[in-house]
Amino acid sequence: MISVDEAKQIVKDNVEVSLSVKINLRDAIGYVLAEDVHSKIDFPPFNQSNVDGYAIAFKDAHERLIIHGESAAGKNEIAELKPKHTIRIFTGAPVPANADTVVMQEKVVIENDNLVIKDDKLQQGLNFRSTGKDIKQAALALHKDEYLSAGSIGFLTALGLNEVNVYKKPSISIIITGNELQQPGNDLKYGQVYESNSFMLKAALQQLHFHDVKTYYADDNLDRLISTLNNALKKSDVVLLCGGISVGDYDFVLKATEHCGVNKLFHKVKQRPGKPLYFGKKNNKLVFGLPGNPSSVLTCFYEYVVEALEKMTKRKTYITTVKASLQNDFIKISGLTFFLKGLLEDNKVIALDAQESYRLSSYAKANCLIKLDEERTEYKAGETVEIHLLS
């Protein structure tokens, strides 16, 4: 067995950044930019009013102004402000030529069809969005390797862009093994359990904005598993095998990977849960053999698969590492790194009950994993521990 740190380094060393692909901005949430993006236009593209009110020339602010015309959002004509005149204007509307200030409608009174300004704090340029104030045409809008959030997508579309180059997200196959598995909704026969790993992994992947995910099922049969794995390797960039990676008589994953030409990079890690974890590679295709117990599956996914996906897509914020105060004592064996399901609130973390690898009830409540060091055997309440926040 190798250490957790060694295993993670092997994963990082064998993952390559994905090629770039051009996609529509409406589909770009969760991607990372593969190139710098420059503005196509000045933004705002014209002088704009920031409020409903009256456009004026500031030099005329202390005069009685003649109200003449109006400017509403979407108006195409270029209005011109005459001396000692004002134009009624609305939020987002073009500011007429010769106007340099907009007075809020709450700060004026109308006397005999003339406008009198009642704003002793009025300044030149107030409530006025000048052309290009946010960004100038051809200026850098977003840097390469920036994450595309809802706000950044809104920003780029406001600049007239509809496509961007991003790092391609990998296609992913999940292979579920085991004769004992039954689909939810069907009656359980004696000796069967409901299959939950594929639902859990797909949910975790969707939460991280990975949607090109296929699920396959394979009985505990070597030939069937070889065929399924070969098919998945042809169609996907990353393959996640669930179950069958230990050394029992019906554990065929290791043999199947050998038959399919996958180069084993490690098998078995000094950790709990998830000790039988496997990682291999065929050309640029990544293969993870995840233990079958549900808590082991999800822990190995968050600790290893997510790190591979981060490097492939240049996303840096899937899992966040912080420090927190442990709120209960915990005793562990030496020689294994423990990942405990925890609940973090106000910088205090509780190691939940039901830590066994087959139990998911604690994962249903957990919002983090608590990492306990390999060589230590005892932790006391109040100690500072490393926390991996789950998305």
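The values are calculated or read from the model by the stated rules, or taken from the named source; none is laboratory data. Computed from a predicted structure; not experimentally measured. Glycine also receives a Cβ, built like all others from the backbone with ideal geometry; neighbour counts cover every protein chain displayed.
When residues of segment 163-181 are filtered for being in contact with an Asp or Glu (Cβ under 8 Å, 6 or more places away or on another chain) and exposed (fewer than 15 other Cβ atoms within 10 Å of the Cβ), how many remain?
So the answer is 1.
Considering only segment 251-287, state which residues are in a loop (DSSP other than H, G, I, E, B) and either touching a Gly at 6+ places or on another chain (Cβ under 8 Å) or charged (D, E, K, R) (or both). Break it down into steps so the answer makes sense when it comes.
So the first thing to find is which residues in segment 251-287 are in a loop (DSSP other than H, G, I, E, B), and the list is 251-252, 260-262, 268, 270, 273-277, 283-284.
Those that are in a loop (DSSP other than H, G, I, E, B) and either touching a Gly at 6+ places or on another chain (Cβ under 8 Å) or charged (D, E, K, R) (or both): ASP251, PHE252, VAL262, LYS268, LYS270, LYS275, PRO276, LEU277.
Quick one: how many residues across segment 137-163 are touching a helix residue (DSSP H, G or I) at 6+ places or on another chain (Cβ under 7 Å) and hydroxyl-bearing (Ser, Thr, Tyr)?
Of the residues in that region, 1 qualify.
So in segment 198-214, with the set limited to residues that are touching a residue at least 60 places away in the same chain (Cβ under 8 Å) and under 13 Å from THR313 (Cβ atoms), which one is farthest from the chain's Cα centre (by Cα)? Walk me through it before giving the result.
Of segment 198-214, the ones touching a residue at least 60 places away in the same chain (Cβ under 8 Å) are 200-201, 204, 207-210.
Next, only the ones that are under 13 Å from THR313 (Cβ atoms) stay: 208-210.
Details: LEU208: 5, HIS209: 6, PHE210: 9 Å.
The qualifying residue farthest from the chain's Cα centre (by Cα) is PHE210.
Given the criteria at pLDDT 95 or above and within 30 Å of ILE226 (Cβ to Cβ), does SER152 qualify? Before you say what the answer is, go through the steps one by one.
Working: at pLDDT 95 or above: yes; within 30 Å of ILE226 (Cβ to Cβ): no.
When the stated conditions are applied, SER152 does not pass them.
Being in a helix (DSSP H, G or I) and of a type in the set (D, E, K, R) is the filter; apply it to segment 189-243 and report the residue that is surrounded by the fewest Cβ atoms within 10 Å (Cβ to Cβ).
Narrowing segment 189-243 to residues in a helix (DSSP H, G or I): 197-207, 222-235.
Restricting the remaining residues to those that are of a type in the set (D, E, K, R) gives 202, 223-224, 234-235.
Details: LYS202: 17, ASP223: 12, ARG224: 15, LYS234: 9, LYS235: 14.
Looking at the filtered set, the residue picked out is LYS234.
Given the criteria under 15 Å from SER295 (Cβ atoms), out of contact with any Cys (no Cβ under 8 Å at 6 or more places or on another chain), surrounded by fewer than 15 Cβ atoms within 10 Å (Cβ to Cβ) and among the aliphatic types (A, V, I, L, M), does ALA364 qualify?
On the way: under 15 Å from SER295 (Cβ atoms): yes; out of contact with any Cys (no Cβ under 8 Å at 6 or more places or on another chain): yes; surrounded by fewer than 15 Cβ atoms within 10 Å (Cβ to Cβ): yes; among the aliphatic types (A, V, I, L, M): yes.
Considered against the rule, which asks whether it is under 15 Å from SER295 (Cβ atoms), out of contact with any Cys (no Cβ under 8 Å at 6 or more places or on another chain), surrounded by fewer than 15 Cβ atoms within 10 Å (Cβ to Cβ) and among the aliphatic types (A, V, I, L, M), ALA364 comes out as yes.
For GLN137, all conditions in the list (1) farther than 30 Å from ALA308 by Cβ; (2) at pLDDT 95 or above; (3) touching a Phe, Trp or Tyr at 6+ places or on another chain (Cβ under 6 Å) hold save one; what is the number of the exception?
Only one criterion in (1) farther than 30 Å from ALA308 by Cβ; (2) at pLDDT 95 or above; (3) touching a Phe, Trp or Tyr at 6+ places or on another chain (Cβ under 6 Å) is unmet by GLN137, namely (3).
Does at least one position in segment 126-133 carry a residue that is under 30 Å from LYS22 (Cα atoms), surrounded by fewer than 16 Cβ atoms within 10 Å (Cβ to Cβ) and of a type in the set (D, E, K, R)?
yes
Within segment 232-252, can one find any residue that is farther than 18 Å from LYS281 by Cβ and within 27 Å of the chain's Cα centre (by Cα)? Spell out the reasoning first.
Taking segment 232-252 as the starting set, the residues that turn out to be farther than 18 Å from LYS281 by Cβ are 242-244, 246-252.
Right, trim to within 27 Å of the chain's Cα centre (by Cα) and you get 242.
Yes, because at least one residue in segment 232-252 is farther than 18 Å from LYS281 by Cβ and within 27 Å of the chain's Cα centre (by Cα).
Within segment 1-45, how many residues are in contact (Cβ under 8 Å) with a residue 24 or more places away in the chain, of a type outside the set (Gly, Ala, Ser) and within 30 Å of LEU277 (Cβ to Cβ)?
Counting residues in segment 1-45 that are in contact (Cβ under 8 Å) with a residue 24 or more places away in the chain, of a type outside the set (Gly, Ala, Ser) and within 30 Å of LEU277 (Cβ to Cβ) gives 15.
If we scan segment 327-334, do we find a residue that is touching a residue at least 12 places away in the same chain (Cβ under 8 Å) and crowded, with 20+ Cβ neighbours inside 10 Å? Walk me through it before giving the result.
First pass over segment 327-334, keeping only residues touching a residue at least 12 places away in the same chain (Cβ under 8 Å): 327-334.
From what's left, crowded, with 20+ Cβ neighbours inside 10 Å: none.
No, there is no match, as no residue in segment 327-334 is touching a residue at least 12 places away in the same chain (Cβ under 8 Å) and crowded, with 20+ Cβ neighbours inside 10 Å.
Taking ALA308 as the residue in question, decide whether it is free of Cβ contacts under 8 Å to residues at least 24 places away in the same chain, closer than 15 Å to ILE174 by Cβ and not aromatic (Phe, Trp, Tyr). Write out each step before concluding.
Values: free of Cβ contacts under 8 Å to residues at least 24 places away in the same chain: no; closer than 15 Å to ILE174 by Cβ: yes; not aromatic (Phe, Trp, Tyr): yes.
Criteria not met by ALA308.
Looking for whichever is over 30 Å from LYS316 (Cβ atoms), out of contact with any strand residue (DSSP E or B) (no Cβ under 9 Å at 6 or more places or on another chain) and among the polar types (S, T, N, Q) here; the options are SER246, SER227. Which one fits? Write out each step before concluding.
Details: SER227 fails: out of contact with any strand residue (DSSP E or B) (no Cβ under 9 Å at 6 or more places or on another chain).
On inspection, the qualifying residue turns out to be SER246.
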